[in-house]
Amino acid sequence: MNEKKLVQNFKSYINVSPMNNGDKNGSIQELKPKLLNGELVVGAAHSVVMLAPLSERDRGRFGSLFVTNYKLSFIPIDSSSNDEYGQRNQLVGTFDVPLTGVGALWQTDGGPIRRRRLLPRSDVPSKLKGLQIVCKNMKVLTFNFANSPIGSGRKVAMALLHHAFPKRHDLLFAFEYREPYYPTLPSDLNMFQRPGDWKRELERCECPHWRITCINGTSDAFMLTAGETLIVPGSVLDYNLIEAARHFRSGRVPIWVWGRPEGAALLRSGELLPTEQSATAESVLLEQVRRSHPKLTPPRVLYVCGAGGAAGAAGAGGAGALPPLAALDAAYKKLADLCTPTTLAGFWTQDSQYYSFLESSRWLRHVASCLTFADEAATQLSQNVSVVLQEGDGVDYSAVVSCLTQLLLDEHYRTISGFQSLIQKEWIALGHPFCDRLGLPRPGTTKEETEKEPTAQVAPVFLLFLDCTWQLQRQFPAAFQFTETYLTTLWDCTHNHLFDTFLFNCPRDRELAVAKNFVQRPLWDWEEQFSEQDIALFYNPLFGQSTPSSRQSGRGARGPPAAVRVRGRRGAVVAVLRALAAAARRAARRPRAVRAAARRAARADTEAEREAVLAVDTQSPLERLRDDGGAGGVADADRDALLPLQPAGHLRGEPEPGLHAREPHRR
């Protein structure tokens, strides 16, 4: 009876067998990770079992686990079952995780159920049975050390705690990477590093009433978190800018970022400081913006977030001001918890209430607010009215709304090179603090200074922008040259700090690092990471390959590689068939939508409210983009049917790469 009970309760590992160091395929001790130039192994454990996702202890892969000064690497004994069709990174293996992509470490009892959080100063037991790693790209890795030598699990955990959470910025592997770099960036990529780059943008947008100033690169610099080159109204003097900067947070006076040939311009600025002369200084600069318009039209100020949030909400269709950064970070953590179930029971619990948990995270509300602000700004610009985006220090939400606005209005930025140029302009050149927002140590600070300084607010503002872009791409699938695979790869690369694109808080920090022999490696040189076949997956076969007719589009968009053109026909046919089916479903739902609008109108208190419910508004830029054929007649989702962009590590069922978004419930 006891023997029968033991047999029934026994669970074995898949591909797990007694250690056989004399196997003909080689000893497990001979497994070694692929190391980059300058990469060193700092911890290792052999005979490790990597448990399958959402399994307890009944499924897994046998291999060796290594920790280097760059990544966590698991090398399985049997690599024949690796995915041969998924995207392959030449620098990071299938089971590798960059150390800057490690989010949290948990000590387990060998399975995923019982666990305890490990912090950098935690006491790690010598007989560590298991380790669970929750990555920032929403991937969960669980390892079992039951068959490993005693103490090897502790060595791996201690190495991770020490190297994955460095106290100094120069301890990141990007400063140790010794591989020579030979840039092969596209010729049409604008890096916005020199005055000539900004001059090209002014000429492309045909805005002659604005000028370039390099005062921010001199001793009189007033905007320390931005690059040396700024674009300001042609009638304003540098002296006036220096005087006015004292009344804006971080010296962020209104600066030009985009414009139309008709005269309307898009500007970004910080909030006003509470001084007696602040309102006067703002009025003077806004008057200069008005004079830069050929028709002398006064600009419209949109308060994206902060003290003027109520006014901004009223002007942006009632979307409400965007939340504080702490609230955005809390929403993202709830979304990450929903997308990273660690047990099968937890998965089914979340799955039964998936949309309730998704709604309670409020992440999609913030996405919708960003899109609403961008739609309002694009509407004003299309009516030839200049728009000033005002927010905090002018480096977070204003960058999100500014980029989305330009994506709506400028076809050039919906190409791959244009989108990368847009990120260079709005996020890199204008100084988004990536180190602070992504939880990295600040550049130029020692360990003691880091401990004394107040903790910077961590918030995934750039990831919010990527999710908003994915929402637009889902609504207009033929309007963008890049695919969701490109956005997902960019999301993952945000946490891979081998490249310098997202490694600094501002251009000045990058310049100081370069002065100390730091080698710049832009992320946009994709051939450093992927093969030609993988890069081909970035290109959308539905995107028009002819030269754009829009005046704002600049150079003609480059067509995708031959690999995309060859196998894109079948995908295009399938997409069109799906679009026709989606159009039929929307047509079937339209009577219900009309009846629902009538019911809402009947409940309205006033005649004006009833007219507002039933009225057909004039086309917004979002609607115009759909009707202009930017989506090729393929409108795959309603504007209110938002789903979050989920990175490659996201797990809903099977751990396949790519996006696993679901269609929302139809109530």
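Name every residue in region 430-447 that is buried (at least 24 other Cβ atoms within 10 Å of the Cβ) and more than 15 Å from the chain's Cα centre (by Cα), in order of residue number.
Answer for region 430-447, where residues must be buried (at least 24 other Cβ atoms within 10 Å of the Cβ) and more than 15 Å from the chain's Cα centre (by Cα): Leu430, Gly431.
Within region 22-44, take every residue that is surrounded by fewer than 19 Cβ atoms within 10 Å (Cβ to Cβ) and of a type in the set (Gly, Ala, Ser) and give me the one that is modelled with the highest pLDDT.
Across region 22-44, the extreme among qualifying residues is Gly38.
Looking at Ala314, Ala310, Ala368, can you tell me which residue is at pLDDT 95 or above and either polar (S, T, N, Q) or surrounded by fewer than 20 Cβ atoms within 10 Å (Cβ to Cβ) (or both)?
After applying the criteria, what remains is Ala368.
Among the numbered conditions (1) over 22 Å from Leu273 (Cα atoms); (2) touching a Pro at 6+ places or on another chain (Cβ under 7 Å), tell me where Cys403 comes up short.
(2)
So Ser250 ticks every box in (1) part of a helix (DSSP H, G or I); (2) in contact with a Cys (Cβ under 7 Å, 6 or more places away or on another chain); (3) hydroxyl-bearing (Ser, Thr, Tyr) but one. Which box is left unticked?
For Ser250, the exception is condition (2).
Can you name the residue in region 216-243 that is surrounded by fewer than 17 Cβ atoms within 10 Å (Cβ to Cβ) and of a type in the set (S, T, N, Q) and, of all such residues, is modelled with the highest pLDDT?
Ser235
Kindly indicate whether Arg121 is among the charged types (D, E, K, R), over 30 Å from Phe538 (Cα atoms) and modelled with pLDDT of 90 or more.
no
Name the residue that is surrounded by the fewest Cβ atoms within 10 Å (Cβ to Cβ), counting only residues in region 497-536 that are over 18 Å from Leu438 (Cβ atoms) and of a type in the set (Gly, Ala, Ser).
Ala515
If we keep just the residues of region 260-306 that are assigned to a helix (DSSP H, G or I) and acidic (Asp, Glu), which is modelled with the lowest pLDDT?
Glu282
Report, ordered by the first and then the second residue, all pairs with beta carbons closer than 7 Å, sequence separation of six or more or different chains, a first member in region 416-442 that is over 26 Å from Trp258 (Cβ atoms), and a second member that is of a type in the set (Lys, Arg) and surrounded by fewer than 24 Cβ atoms within 10 Å (Cβ to Cβ).
Cys435/Arg442; Pro441/Lys167; Pro441/Arg168
Looking only at residues in region 393-419 that are of a type outside the set (S, T, N, Q), part of a loop (DSSP other than H, G, I, E, B) and over 16 Å from the mean Cα position of the chain (by Cα), which one is surrounded by the fewest Cβ atoms within 10 Å (Cβ to Cβ)?
Only one residue fits best here, namely Asp393.
Would you say Leu99 is surrounded by 20 or more Cβ atoms within 10 Å (Cβ to Cβ), touching a Lys or Arg at 6+ places or on another chain (Cβ under 7 Å) and farther than 25 Å from Cys339 by Cβ?
Spelling it out, it is not the case that Leu99 is surrounded by 20 or more Cβ atoms within 10 Å (Cβ to Cβ), touching a Lys or Arg at 6+ places or on another chain (Cβ under 7 Å) and farther than 25 Å from Cys339 by Cβ.
Does region 506-518 include one or more residues that are within 19 Å of the chain's Cα centre (by Cα), modelled with pLDDT of 50 or more and either in a helix (DSSP H, G or I) or assigned by TED's automatic domain parsing to the domain that holds Leu422 (or both)?
yes
Regarding region 195-213, can at least one residue be identified that is in the same structural domain as Phe499 (by TED's automatic domain parsing), of a type outside the set (Gly, Ala, Ser), at pLDDT below 95 and within 27 Å of the chain's Cα centre (by Cα)?
Among the residues of region 195-213, not one is in the same structural domain as Phe499 (by TED's automatic domain parsing), of a type outside the set (Gly, Ala, Ser), at pLDDT below 95 and within 27 Å of the chain's Cα centre (by Cα), which makes the answer no.
Any residue at all in region 89-96 that's farther than 16 Å from Leu31 by Cα, at pLDDT 90 or above and assigned to a strand (DSSP E or B)?
Taking every residue of region 89-96 in turn, none turns out to be farther than 16 Å from Leu31 by Cα, at pLDDT 90 or above and assigned to a strand (DSSP E or B).
So for region 45-53 (the condition being in contact with a Phe, Trp or Tyr (Cβ under 8 Å, 6 or more places away or on another chain), modelled with pLDDT of 95 or more and among the small types (Gly, Ala, Ser)), does at least one residue qualify?
yes
Look through region 328-365, keep the residues that are closer than 21 Å to Ser402 by Cα and of a type in the set (A, V, I, L, M), and return whichever of them is surrounded by the most Cβ atoms within 10 Å (Cβ to Cβ).
Applying the filter and picking the extreme gives Leu328.
Could you please tell me which pairs satisfy a Cβ distance under 6 Å, a separation of 6+ or placement on different chains, a first residue in region 54-75 that is of a type in the set (Val, Ile, Thr), and a second residue that is assigned to a strand (DSSP E or B) and buried (at least 22 other Cβ atoms within 10 Å of the Cβ)?
Final answer for the pair search is Ile75/Gly63; Ile75/Ser64.
Mind checking which residues of region 519-540 are in a helix (DSSP H, G or I), among the acidic types (Asp, Glu) and under 18 Å from Leu189 (Cα atoms)?
Glu527, Glu528
The values are calculated or read from the model by the stated rules, or taken from the named source; none is laboratory data. Remember, it's a predicted structure, so these values are computed and weren't measured experimentally. With ideal geometry, Cβ positions are generated from the backbone for all residues, glycine too; neighbour counts draw on all protein chains shown.
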